[in-house]
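Data first, discussion second: the structure below is written as structure tokens.
The values are calculated or read from the model by the stated rules, or taken from the named source; none is laboratory data. Bear in mind that the values here come from a model prediction, so they are computed numbers and not experimental data. Neighbour counts run over all protein chains shown; Cβ positions are idealised from the backbone, glycine included.
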Amino acid sequence: MKTRDLMERAKLAKHEVSRKIFEVMYQKQTNLCLSADVTNSKELLHLAESIGPYICVLKTHVDIIEDFDQSTCRNLLNIAHKHNFVLFEDRKFADIGHTVSKQFTGGMFRISEWADVINAHPLPGPGIIKELKNANKRSGCLLIGEMSTNGNLITPAYTKATLKMAEENDDFVIGFISTSRISHDPHFLHFTPGVSLDCKGDGKGQQYLTPSEVVSKRGADILIVGRGITLAHDPVAAAKVYAQEGFSGYLAAVDV
Ligand code: UP6
């Protein structure tokens with residue numbers, strides 16, 4: 001990677017959303033993405049409000065929220081605006097183009113109306129990207145090039161093909177979900193899940209590395225932390241620790 005300077009990377013960004021993420025990372029000095037995997041709107045909004053000051057991105061799984069509706073959505077957008085972070089819906093689209101475009105724009109969640117960032121498995125081929133892009137170019141898309149889970153079927157060749165697909169669609173693909181740096185181009189963002197200071201795994205396939213391992217050694221730009229924060233005795237204090245460790249790791253990291 002040629003540069004880790006965030007404002008330099010903001011200038012190189014090819015999509016409005018990646019530019020905004022680099023700017024927010026710089027303004028708030030944080031590379032923490034909170035994975036707010038809670039099951040009701042009240043808890044989601046409480047996490048967004050209390051952890052909001054320490055994050056650049058808030059990641060949701062809206063389909064696990066029992067009472068998600070338009071008011072949840074409006075409140076979440078207001079909090080995101082107030083605390084200056086972007087919203088990432090971790091829907092992991094993985095179907096034929098025709099289906100994903102309906103899942104993205106319609107149904108109960110109307111993801112395209114509020115999500116700044118979405119993600120997709122490249123498995124179905126380029127049609128998935130084309131149709132998501134046709135449905136709504138305003139959101140930026142992360143391609144899942146690697147996973148954090150034990151025994152996942154992704155191979156180096158698959159990851160390489162993911163990179164090629166991203167490069168061919170870099171007006172819409174803003175980066176990757178990955179556990180290592182898979183592109184050396186500074187305009188792409190790497191989001192890394194499977195981050196915990198306390199655990200090595202969750203007994204359900206998840207594997208954890210520490211913030212410094214993912215940022216300094218693996219070259220992540222943004223660390224995704226869920227239960228390490230949400231299940232902590234004091235989630236705000238935990239978020240501050242992850243944010244501090246993550247960002248100091250980013251600044252100290254050598255180019256990889
Ligand atoms: N996630 C992973 N690994 C991946 C891709 N996505 O853990 O390879 C997502 C999960 C969850 C979050 O869906 O929302 O990141 C990790 O949560 P955790 O920190 O509580 O394990």
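Looking across segment 177-218 at every residue that is assigned to a loop (DSSP other than H, G, I, E, B) and among the charged types (D, E, K, R), the one that is nearest to the chain's Cα centre (by Cα) is identified as R181. Across segment 67-106, the qualifying residues are those that are of a type in the set (D, E) and surrounded by fewer than 16 Cβ atoms within 10 Å (Cβ to Cβ), and the one among them that is nearest to the ligand (Cβ to nearest atom) is D67. What are the pairs, 6+ residues apart or on separate chains, where a residue within segment 58-75 that is assigned to a loop (DSSP other than H, G, I, E, B) has its Cβ under 7 Å from a residue that is within 15 Å of the ligand (Cβ to nearest atom) and not charged (D, E, K, R)? Qualifying pairs under 7 Å: I65/T39; I65/L44; E66/T39; F68/V62. Being under 17 Å from T3 (Cα atoms) and crowded, with 16+ Cβ neighbours inside 10 Å is a property that holds for I182. Being within 16 Å of the ligand (Cβ to nearest atom), free of Cβ contacts under 8 Å to residues at least 60 places away in the same chain and on the phi < 0 side of the Ramachandran plot is a property that I51 lacks. Taking the condition of being near the ligand (Cβ under 9 Å from one of its atoms) and in contact with a helix residue (DSSP H, G or I) (Cβ under 8 Å, 6 or more places away or on another chain), how many residues in segment 209-246 meet it? Result for segment 209-246: 4. Selection over segment 5-16 of residues that are among the charged types (D, E, K, R) and either in contact with a His (Cβ under 7 Å, 6 or more places away or on another chain) or in a strand (DSSP E or B) (or both) gives a count of 2. Would you pick out the residues in segment 187-200 that are surrounded by fewer than 18 Cβ atoms within 10 Å (Cβ to Cβ) and either within 9 Å of the ligand (Cβ to nearest atom) or under 25 Å from F172 (Cβ atoms) (or both)? Scanning segment 187-200 gives a single hit, C199.
The single condition from (1) of a type in the set (S, T, Y); (2) within 16 Å of the ligand (Cβ to nearest atom); (3) crowded, with 19+ Cβ neighbours inside 10 Å that Y250 fails is (2). Go through the residues of segment 17-25 one by one and say whether even a single one is assigned to a loop (DSSP other than H, G, I, E, B) and surrounded by fewer than 22 Cβ atoms within 10 Å (Cβ to Cβ). No - not one qualifying residue is present in segment 17-25. Within segment 121-145, the set of residues being of a type outside the set (A, V, I, L, M), within 16 Å of the ligand (Cβ to nearest atom) and either over 20 Å from the mean Cα position of the chain (by Cα) or not in a loop (DSSP other than H, G, I, E, B) (or both) comprises C141 only.
The listed residues are A161, A166, A157, and the only one of them that is at pLDDT 95 or above and more than 25 Å from A135 (Cβ to Cβ) turns out to be A157.
Sort through S183, S148 and tell me the only one that's under 24 Å from R91 (Cα atoms), in contact (Cβ under 8 Å) with a residue 12 or more places away in the chain and away from the ligand (no atom under 13 Å from the Cβ). Criteria check complete, one pass: S183.
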